[in-house]
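*Asks:* Quick one: the structure is below, questions incoming.
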Amino acid sequence: MKRTVRTYIYTLAILLTSCVDKVDYSTLLKQSDSLMASRPDSALTLLDGIPTNELKTDADRAYYALLLTQARDKNYIRQRDDSLIQSAMQYYNQYGNAGMQARGYYLWGGFYRDKNKQAEAIEKYLIAATFAKKANNKALLGRIYNNTGYLFYFQKLYEEADSLYRKAEQIGIQQNDVSLHTEALLMQGKIKIKQNNYSQAEKKLLQAQTISKNSESNKLQANIARTLSLLYSRTKDKTKALKYAKQNISFLKDTKHCYYAFFTLGEAYFQTNQYDSATYYINKSLNISDDGIKADAYMRLADIARIQGETALSLKMELLHSAYRDSVEQNSQRSKILKAEHKVKEQIQHTHYEKAFNERILITIVSFLICAMIFFLWFRRKHHIQAREQLVRENGLRKSYVLQKELYAQKEAEIKALQDQIVQQHISEAQKQTLEIELINLHEQYTDSIKKIRKYSDVIQKIDNILTIYKEKKVPKDFLDENDWTRLLAEIDKKGVINRICETHGLSEIEYHLCTLLLLDYSVTDMGRIIQRDRVSVYRIERSIAKKMGKEYQTGELQKQLKNMVNGCTSK
């Protein structure tokens with residue numbers, strides 16, 4: 001109580017700016033830090049009352065910058081730039097305070113997250129995680145994993161996200177953090193839904209629901225109910241889908257702007273064939289700013305219109321779905337995030353190497369100095385011996401000195417070799433991460449047909465260049481990457497039929513590529529070369545796709561069905 005009273009007296013005195021006594025701002029900063037978790041508004045008021053020109057030491061200035069960044073973040077004040085936290089981190093990086101470095105990089109990542117610079121945010125979060133481990137700050141590490149995992153999930157990097165949420169779950173259990181534990185389970189459930197692993201998704205979500213009963217967070221319980229409703233909509237359990245959709249809304253305080261809840265309820269009504277109610281709630285959800293939800297909403301409205309025989313409206317809704325889906329793809333930051341992740345791993349590896357290198361150098365220098373000292377003392381002690389013996393001793397010293405120099409040089413060579421080896425490993429790792437598809441000996445007759453399909457497609461032109469190189473019996477240096485496949489499919493499948501087939505039937509990446517190629521009339525041989533498979537494998541993959549779609553396999557039938565779906569004959 002005395003400390004609280006003294007804090008407000010200091011604050012008032014500073015705001016009145018007439019106090020001539022010297023205030024211990026270091027103590028005041030610590031008091032602000034202690035208020036940060038429970039009363040962030042008071043912490044911000046306290047910090048705002050400290051004139052920056054009264055911060056006398058670099059340590060206080062850095063601490064102040066970090067705390068002010070954190071207080072603004074907790075009070076939902078958007079910061080225009082990162083100059084404040086950057087100045088703090090310059091100090092902490094210089095003096096190597098792992099605990100403060102972890103806090104600082106975490107806040108820095110939050111700044112970039114709010115700016116929707118997700119690659120930069122992940123880079124800072126991953127650096128923060130390394131310092132949090134070093135400082136053994138499990139609570140902060142759990143929050144870092146939680147935030148980083150969501151950014152990976154948002155960019156559809158589900159394996160990376162799942163790995164981080166598993167770690168967050170373990171920390172939540174260890175720290176008895178119900179909120180972290182529950183949210184980690186919830187997000188794992190969402191990831192399993194995206195991966196079509198519905199049994200595991202249900203297990204995780206029901207476990208999260210049980211634990212969340214010990215939490216006072218209605219928002220978290222609402223999110224769990226919403227996700228369970230979407231899960232049961234996927235599994236066609238209509239009763240449970242509607243039950244949890246209604247439960248979702250019951251947990252929310254704001255029932256006028258709960259657009260996610262409106263979409264979930266509309267989806268549940270669709271599953272129960274209550275199309276008027278479904279249309280009503282899905283339309284209410286369209287005010288949401290999330291383009292992904294808008295795309296799904298318009299697709300469902302298109303389904304309802306088609307079922308009700310309103311062909312023109314269905315087509316209009318499908319076009320809107322396509323536009324918002326394209327917007328989501330264009331805003332994807334997946335490649336940047338992967339590069340940021342690799343960059344941080346490389347920095348960590350380099351730091352470990354530098355530490356090992358410096359230790360080796362230090363050991364070598366100390367060893368050399370010890371040996372030199374021994375030689376010197378030994379030489380002095382034997383100085384009175386006769387000249388011949390002295391000469392023998394000196395020769396021995398010279399030989400030993402040469403030997404030590406050779407050993408020293410040998411150690412330097414070993415270190416250099418180790419450095420080269422690490423660099424080489426880095427090159428190999430980078431190459432492994434590059435998605436390359438080799439296209440071999442494609443027939444010239446299909447080049448003309450591809451040009452007719454998408455005359456102005458830069459992806460098709462890229463394929464044409466590759467085909468020309470192969471025709472000349474050479475190996476091309478530039479291949480199709482993941483982005484090329486995505487763009488190619490977007491050009492030939494505006495309705496997103498193939499993506500829906502992949503999601504609904506759980507097609508693998510190689511099956512997704514083959515479906516794309518089937519729309520372009522490549523021969524079996526050419527398709528095999530593009531996806532790096534022989535003719536037999538292509539037929540086997542084609543059979544697998546047909547089986548997953550519940551179709552009876554016949555040669556050429558799958559290609560005909562896919563074309564019909566994309567051209568609008570059917571969407572099933």
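The values are calculated or read from the model by the stated rules, or taken from the named source; none is laboratory data. All values derive from a computational prediction rather than experimental measurement. With ideal geometry, Cβ positions are generated from the backbone for all residues, glycine too; neighbour counts draw on all protein chains shown. Heads up: the accessible areas ignore ligands, DNA and RNA and are worked out on the full protein's heavy atoms, side chains in. Shrake-Rupley method; radii C 1.70, N 1.55, O 1.52, S 1.80 Å.
*Asks:* Take the residues in segment 35-58 that are surrounded by 16 or more Cβ atoms within 10 Å (Cβ to Cβ) and among the small types (Gly, Ala, Ser), then tell me which one is nearest to residue 108 (Cα to Cα).
*Replies:* Filtering segment 35-58 for residues that are surrounded by 16 or more Cβ atoms within 10 Å (Cβ to Cβ) and among the small types (Gly, Ala, Ser), the one nearest to residue 108 (Cα to Cα) comes out as 43.
*Asks:* Then there is this: With respect to residue 45, determine if the residue is of a type in the set (Val, Ile, Thr) and modelled with pLDDT of 90 or more.
*Replies:* So residue 45 passes the test.
*Asks:* On to the next question. Out of curiosity, is residue 215 in a helix (DSSP H, G or I), over 28 Å from residue 503 (Cα atoms) and in contact with a helix residue (DSSP H, G or I) (Cβ under 8 Å, 6 or more places away or on another chain)?
*Replies:* When the stated conditions are applied, residue 215 does not pass them.
*Asks:* Please find, among 243, 284, the residue that is more than 30 Å from residue 491 (Cβ to Cβ), at pLDDT 90 or above, in a helix (DSSP H, G or I) and open to solvent by 50 Å² or more (accessible area, probe 1.4 Å).
*Replies:* Answer to the selection: 243.
*Asks:* For the list (1) over 35 Å from the mean Cα position of the chain (by Cα); (2) over 18 Å from residue 233 (Cβ atoms); (3) assigned to a helix (DSSP H, G or I); (4) not hydrophobic (A, V, I, L, M, F, W, C), I need the number of the one condition that residue 316 fails.
*Replies:* Tallying (1) over 35 Å from the mean Cα position of the chain (by Cα); (2) over 18 Å from residue 233 (Cβ atoms); (3) assigned to a helix (DSSP H, G or I); (4) not hydrophobic (A, V, I, L, M, F, W, C), residue 316 fails exactly one: (1).
*Asks:* Out of 254, 276, report the one residue that is surrounded by fewer than 18 Cβ atoms within 10 Å (Cβ to Cβ) and at pLDDT below 85.
*Replies:* Among 254, 276, only 254 is surrounded by fewer than 18 Cβ atoms within 10 Å (Cβ to Cβ) and at pLDDT below 85.
*Asks:* Separate question: From the list 81, 114, pick out the single residue that is farther than 20 Å from residue 43 by Cβ, out of contact with any strand residue (DSSP E or B) (no Cβ under 6 Å at 6 or more places or on another chain) and among the charged types (D, E, K, R).
*Replies:* 81
*Asks:* Hey, among 196, 223, 176, which residue is over 18 Å from residue 503 (Cβ atoms), open to solvent by 10 Å² or more (accessible area, probe 1.4 Å) and part of a loop (DSSP other than H, G, I, E, B)?
*Replies:* Checking each option against the conditions leaves just 176.
*Asks:* Going by the conditions given, is residue 79 modelled with pLDDT of 90 or more, polar (S, T, N, Q) and surrounded by 13 or more Cβ atoms within 10 Å (Cβ to Cβ)?
*Replies:* So residue 79 fails the test.
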